Amino acid sequence: MCGIVGLFLKDKTLEPKLGDMLTDMLITMTDRGPDSAGIAIYGSEADGRTKLTVQSDAPDAAFDGLDGALAEALSTDVSIRVIDTHAVLDVPAGKGEEARAALAELRPGMRVMSAGDTIEIYKEVGLPEKVAERFNVRGMSGTHGIGHTRMATESAVTTEGAHPFSTGSDQCLVHNGSLSNHNSLRRKLQRDGVRIESQNDTEVGAAYLTWKMQHGATLGEALEGTLEDLDGFFNFVVGTKDGFGVVRDPIACKPAVMAETDQYVAFGSEYRALVNLPGIEDARVWEPEPATVYFWNH
Amino acid sequence: MQTYDLEANGLRGLNSALQELNGSSNKTAWEIVNPKGSHAIAVGLNSPVEVTVKGSTGYYCAGMNQQATVRVEGSVGPGVAENMMSGTVIVEGDASQYAGATGHGGLLVIKGNASSRCGISMKGIDIVVHGNIGHMCAFMGQAGNLVVLGDAGDALGDSCYEARFFVRGSVKSLGADCIEKEMRPEHIEILKDLLARAGADAKPEEFKRYGSARQLYNFDVDNAQAY
């Protein structure tokens, strides 16, 4: 099944409440996906800095002295903010790829969840409420965010199988459905040098979008491409540094509801997820059309 | 009039209270407040009770309805009035996918739009949609009438049996074995009655009728190679 929630704020005064609103939406979707949960938050940006969110199953050992070790490896300043099994490393802009390579050497078991100017991704196995609590998602502010509650079908219930997936700078994707041509597409993308780290079908969807955008496509064009090149069922909700997009496959059997007001654009797998948003009574509420790309930019 | 706060008192209490009336001729009126998109509101009713839902609902509202009148003052999620046997379900807003699926009887009125698979496998239900409908509507429809004041999406009536489809606007495409048919006086009469009962402001003469070409559901020896 799986549940998706997304919130793209137009009204800056709501930004401090983004995490709080998204957490409520996420918990409402628990019975669509009690296995694991995840959230991508587009938060604050520091000039000239890049953020890497990393995850480890043994966080105490992995994060102890990591900032110092990475600073030494990169010969630059690095700061670290540890949140449960995740940590956000702050490195100078342009050092992202170098940092990623160094981390693979320094902490081989650690996973990079996301990298970018504003994106942070937190995901773990467990009930959505517990996952949100562990990372204090309620306390997070930001411009937009996407959350996912997972009921696994295509790969195991693990942290790396949880959504969102990020395969490019400040990009993320969540998925409700199942892709049937992900194995062949994974091989094709990997041959083209795209980094894909799991056996999960959704990661291939995310990597496909990254690959399209690397080849000059806009987010909208990349989403259009999914309708041609991906086989299977999908509702995708995607985020970029300043954008938010939605696309459903032509069969459109996975549920989706959207709402828009002057203050926000919201996505929910069900209307239940949206009922407590401010001004929802007067919002434009609609079901996104099949095979139609929707996106918004700041 | 009895008012039930769904958020405060829960779904099971509501459905068991409404189902307690089953078998009676009790025409009481109920109002359900704070539905907040909940699933399975007012399902399995079998009495002439009148239920008004003050807001939008989730999956399977008014499923398996018999006799009751359920009015939703909002939009509904997937599967509204699924497998309805009799009675009336009125949706003031839009309906998500497979509205009225497998319905055997009764009247389903959707004042907004219905999305994909509306009336899939309909078996005698009458459905009137004031707006548009999505793709694959009335797939394998066996009996009943689907009336659409707006436009229909792709593959209307695919593999249908004897259900009738009346569309006032455009039809994006017809499904396999579904064709446009002549509108005869008896069809005008059926449509007139349905439009009146659904409170729809439209003239029967503005509609086109579609239905089965009856080529698909009989064995045809010329197709033997394909089986």
Residue within region B:122-140 that is surrounded by fewer than 22 Cβ atoms within 10 Å (Cβ to Cβ), more than 14 Å from every other protein chain (Cβ to nearest Cβ), hydrophobic (A, V, I, L, M, F, W, C) and without any contact (Cβ under 8 Å) to a residue 60 or more places away in the chain present: yes
In the set A:131, A:112, the lone residue that is outside any loop (DSSP other than H, G, I, E, B), among the aliphatic types (A, V, I, L, M), in contact with an Asp or Glu (Cβ under 6 Å, 6 or more places away or on another chain) and under 22 Å from residue A:171 (Cα atoms) is A:131
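So, residue B:94, is that one closer than 23 Å to residue A:281 by Cα, within 12 Å of chain A (Cβ to nearest Cβ) and of a type in the set (D, E, K, R) or not?
Yes; evaluated as a whole, the condition is true for this residue.
Of A:142, A:168, A:147, which residue is part of a loop (DSSP other than H, G, I, E, B), under 15 Å from the mean Cα position of the chain (by Cα) and modelled with pLDDT of 95 or more? Walk me through how you get there before you give the answer.
Details: A:168 fails: modelled with pLDDT of 95 or more; A:147 fails: part of a loop (DSSP other than H, G, I, E, B).
Within the list A:142, A:168, A:147, the selection yields A:142.
Please work out if residue A:277 is more than 10 Å from chain B (Cβ to nearest Cβ) and in a loop (DSSP other than H, G, I, E, B). Outline the logic, then answer.
Working: more than 10 Å from chain B (Cβ to nearest Cβ): yes; in a loop (DSSP other than H, G, I, E, B): yes.
For residue A:277, the condition - more than 10 Å from chain B (Cβ to nearest Cβ) and in a loop (DSSP other than H, G, I, E, B) - is met.
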Which pairs turn up if I take residues in region A:138-162 that are closer than 14 Å to residue A:126 by Cα and look for partners that are of a type in the set (S, T, N, Q) and modelled with pLDDT under 95 with beta carbon separation below 8 Å, at least 6 apart in sequence or on another chain? A:160/A:198; A:160/A:200; A:161/A:155; A:161/A:198; A:161/A:200
Residues that are closer than 11 Å to residue A:139 by Cα and among the hydroxyl-bearing types (Ser, Thr, Tyr), drawn from region A:1-27: A:23
Can you work out which of the residues in region A:103-118 that are within 24 Å of residue A:157 (Cβ to Cβ) and in contact (Cβ under 8 Å) with a residue 24 or more places away in the chain is surrounded by the fewest Cβ atoms within 10 Å (Cβ to Cβ)? A:109
Exactly one condition in (1) away from chain B (no Cβ under 14 Å); (2) crowded, with 19+ Cβ neighbours inside 10 Å is not met by residue A:199; state its number. (2)
Can you report the number of residues in region B:95-111 which are surrounded by fewer than 24 Cβ atoms within 10 Å (Cβ to Cβ) and not hydrophobic (A, V, I, L, M, F, W, C)? 4
Note: among A:40, A:46, A:61, A:69, just one is hydrophobic (A, V, I, L, M, F, W, C) and touching a helix residue (DSSP H, G or I) at 6+ places or on another chain (Cβ under 7 Å), namely A:69
Within region B:135-151, does at least one residue satisfy the condition of being farther than 18 Å from residue B:175 by Cα and acidic (Asp, Glu)? no
Restricting region A:280-292 to residues that are more than 9 Å from chain B (Cβ to nearest Cβ) and hydrophobic (A, V, I, L, M, F, W, C), the residue that is surrounded by the most Cβ atoms within 10 Å (Cβ to Cβ): A:283
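Criterion first (at the interface with chain B (Cβ under 9 Å from one of its Cβ atoms) and aliphatic (A, V, I, L, M)) does residue A:259 satisfy it?
Values: at the interface with chain B (Cβ under 9 Å from one of its Cβ atoms): no; aliphatic (A, V, I, L, M): yes.
Answer is no for this residue.
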Of the conditions (1) under 15 Å from the mean Cα position of the chain (by Cα); (2) surrounded by fewer than 24 Cβ atoms within 10 Å (Cβ to Cβ), residue B:155 clears all except one; give me its number. (1)
Do any residues in region A:68-86 that are more than 17 Å from residue A:115 (Cα to Cα) have Cβ atoms under 6 Å from those of residues that are assigned to a strand (DSSP E or B) and at pLDDT 95 or above, where the two are at least six apart or on different chains, and which pairs are they? A:76/A:92
Conditions first: (1) in a loop (DSSP other than H, G, I, E, B); (2) surrounded by 18 or more Cβ atoms within 10 Å (Cβ to Cβ). Residue A:44 passes all but one, so which condition is the exception? (2)
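Taking the options A:245, A:239, name whichever one is under 24 Å from residue B:153 (Cβ atoms), more than 13 Å from every other protein chain (Cβ to nearest Cβ) and crowded, with 21+ Cβ neighbours inside 10 Å. Break it down stepwise before answering.
Values: A:239 fails: under 24 Å from residue B:153 (Cβ atoms).
Criteria check complete, one pass: A:245.
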Given the condition surrounded by fewer than 22 Cβ atoms within 10 Å (Cβ to Cβ), small (Gly, Ala, Ser) and at pLDDT 95 or above, answer yes or no: does some residue in region B:112-120 qualify? yes
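The values are calculated or read from the model by the stated rules, or taken from the named source; none is laboratory data. Computed from a predicted model, the values in this text were never measured in an experiment. With ideal geometry, Cβ positions are generated from the backbone for all residues, glycine too; neighbour counts draw on all protein chains shown.
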